[in-house]
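The values are calculated or read from the model by the stated rules, or taken from the named source; none is laboratory data. From a predicted model like this one, the values you see are computed outputs, not experimental measurements. Here the Cβ positions follow ideal geometry from the backbone for every residue, glycine too, while neighbour counts run over all protein chains shown. Ligands, DNA and RNA are stripped out before the accessible areas are found, and what is left, the full protein with its side chains, is counted by its heavy atoms. Shrake-Rupley method; radii C 1.70, N 1.55, O 1.52, S 1.80 Å.
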Amino acid sequence: MGDGREPTASSAGRGGAGAALVAAGILVSRVLGFVRDAVVAHVLGTTAAGGALRAALRIPNLLQNLFGERALPASFIPVYARLRADGHDEDAVRTAGAVLALLALLSAVITALGVTFAAPLVALLTPGFDAPTRALTTSLVRIMFPGVGLLVLSAWCLGVLNSHRRFFLAYASPALWNVAIIGAVLVGPRDGLDDGARLFAWGALIGSALQVLVQVPSVLTLVRGVRPVVRLDLPPVRAVLRTFGPALASRGAAQLGGFVDLQIATLVSAGAVAALGLGQSITMLPVSLFGMAVSAAELPALSATGGDASARAAAMCSRLDAAQRRIAFFVVPSAVAFLALGDAIAAALYRSGRFGADDAQWLWGILAGAAVGLLAGTLARLVSSAFFALQDTRTPFRIALVRIIGGVALGWVAALVLPQRLGLDPRWGAAGLTLAGGLAGWGEFLLLRRALARRLGGVPSLGLRVVPLWGAAAAAAGLAWAVRVVLVPTGTPTRGTACLLLAVFAAAYGAATLLFGVDEARMLVARLTRRGGRPR
């Protein structure tokens, strides 16, 4: 990949290679993340301690998600990549140093406030927890909050590495976070569920430091001579700050919606918070592995696209068309698998110790609710990246507000009102919460797409091209269920049988898409068999 500058309009193949590297890094981290969650599910299950741990993770992660997940890359990468594309390397290094200094100061202040005011923050966000569960949550937040401050600095490293097309390290480094947690929970002494949760928190703190340290040497070779000095007089720094504010507000709005969801979940039960956390780890796999991977790889390339307005719009539409087809190829079968085989997925990943068959059924409902909006939520990340490349963070912010308001209203009804009206066990309100989020995700995607179409003069649509994908996924699910009826006539499959069913589903989907002549399937086979080249 190297440090050389990209052409003005990068090829779709280059974007696919970048996405593959991002996906490879995410896959390494996610695989270990599932091992981590399997260990936690074995030790804590869906107990109150498990709910306290999930709630505690959500609270300090506010800082990481605000600055790291999208706000910083959305504002920093377009400016930094543009400077490098125009040959202004020294200005790029000075800009990177100034952004690092500002980020370090801001994260230090917010981390200190988070540790100091952890108790009232937990009380505000977990109204359904009893006093012992709330006290445990508070202690976990205080342990983990400093580590999240370090992860914000990791986001700066990610911005630099991505701008230089060094994708793998940035997205594989969270693997160390997971390794530290797994080691702490398995090796550390524990006497009861609360101790198990605290070991998780200490492992998270250690892992945060390791995640930053592993990226620093590579970053320093790319921005030689960088100095963390506040320089508000530099025009590129001011440009970053102008877009950072709306991007931060957009992420803040999303986090506000997430915290309201947390509050609603605590009113269902502490176990619902734990189950939703385990479910989110699963649903985030396709979103991260395919949506985030493609979007992250496209952002620097879209930002560096040159030419006049019409030429840039045409180049961006071409890239977006190829990217959304790659995303749909993988996300459509993920959604179908969540709907048809959700308990098998839960059993394959978590069935052990305190996580039993009944928990797998509960998690199936949560995954089925999330499946409704999985494709929309993943494509929305890609469309947002196009706005970020245009240095427009305000439009995604306004649309995020609409999604959040609608999602919270739907979530309250689906989680707390509908189960009671339908005579269901209140715990199924957790599935209602994910369903509401999925419906709101479709609204966000459609609004984003319409706004981008106005900006670029039109945006390619998947249209009927997605029909073969849904058909192939449905056929694969039917075959997997036929095997299931033979092997497991009733009840939840064991871990081994669940893995077999998922393998049958994946193989059948691959075969069906090849039979239907889906280009992405043929390109994937060509890449795996090292034949290379785009199929005709």
ask   = In nm, to one decimal, how far is the ASP425 label point from the ALA503 one, both placed 7 Å along Cα→Cβ?
value = 3.1 nm
request  = Using only C-alpha positions, report the orientation-averaged shadow area of the convex hull of the chain, nm², one decimal.
outcome  = 23.9 nm²
message = On a full-extension model of 0.36 nm per residue, what is the gain between ARG522 and VAL31, subtracting their alpha-carbon distance, rounded to one decimal in nm?
response = 174.2 nm
note = For the stretch 443-500, Rg(Cα) over 2.2 N^0.38 Å is 1.90
key: For q = 0.11, 0.21 Å⁻¹, Debye-computed log10 I/I(0) when each Cα of the stretch 32-181 counts as one equal scatterer   = -0.52, -1.26
3J(HN,Hα) from dihedral phi, the stretch 479-486, Karplus parametrisation 6.51/-1.76/1.60, rounded to Hz, x for glycine, proline = 5, 4, 5, 4, 5, 5, 4, 6
task = Keeping the other protein chains in place, figure out the carbon and sulfur percent of the accessible area of the stretch 363-503, with a 1.4 Å probe.
result = 69 percent
query = Dipole magnitude of the chain about its Cα centre, charges +1 at Lys/Arg Cβ and -1 at Asp/Glu Cβ only, in debye to the nearest 20?
reply = 1080 debye
Relative contact order (%) - the chain, alpha-carbon pairs under 8 angstrom, separation at least six = 21 percent
key: Dimensions (Å) - the stretch 374-453, Cα atoms, principal axes, largest first   = 49, 20, 16
note = For the pair LEU210 and LEU113, the simple spin-label estimate (label points 7 Å beyond Cα toward Cβ) gives in nm 3.2 nm
request  = Mind grabbing the accessible area of SER154 for me, 1.4 Å probe, Å², rounded to tens?
outcome  = 10 Å²
